[in-house]
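Undergrad: Below you'll find the structure I mean.
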Amino acid sequence: MKGVVDRIEGNMVVVVLDDEQVVEINIDDFEDKVKEGDVVFKRCLKWAVDYKETEKRKETVEKYLDLFEE
């Protein structure tokens, strides 16, 4: 299961999954510190950040934002 962190509300992390389903996950269920925009995936019983995919997604967004600056 994979998704993107939409927002953090208190101790709950709101994640939009690949199938566009929105789920709330307790922040204690994450192996790493998470922030909005992180790509996350479920590994066994915990959730983890996919740092490579997060960086790739960030670069793509920045590329599109650059189109509007010109």
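The values are calculated or read from the model by the stated rules, or taken from the named source; none is laboratory data. Every value quoted in this text rests on a predicted model; they were computed, and no experiment measured them. Neighbour counts are summed over all protein chains in view; Cβ atoms, including those assigned to glycine, are modelled from backbone coordinates with ideal geometry.
Undergrad: Looking only at region 5-15, decide whether some residue is more than 17 Å from VAL61 (Cα to Cα), in a strand (DSSP E or B), over 9 Å from the mean Cα position of the chain (by Cα) and at pLDDT below 95.
TA: Looking through region 5-15, none of the residues is more than 17 Å from VAL61 (Cα to Cα), in a strand (DSSP E or B), over 9 Å from the mean Cα position of the chain (by Cα) and at pLDDT below 95.
Undergrad: A follow-up question, please. Filter region 10-54 down to residues that are among the acidic types (Asp, Glu) and out of contact with any Lys or Arg (no Cβ under 7 Å at 6 or more places or on another chain), then give me how many there are.
TA: The total comes to 8.
Undergrad: Further question: Considering (1) more than 16 Å from VAL4 (Cβ to Cβ); (2) part of a strand (DSSP E or B), say which one LEU67 fails and leave the rest.
TA: The one condition LEU67 does not meet is (2).
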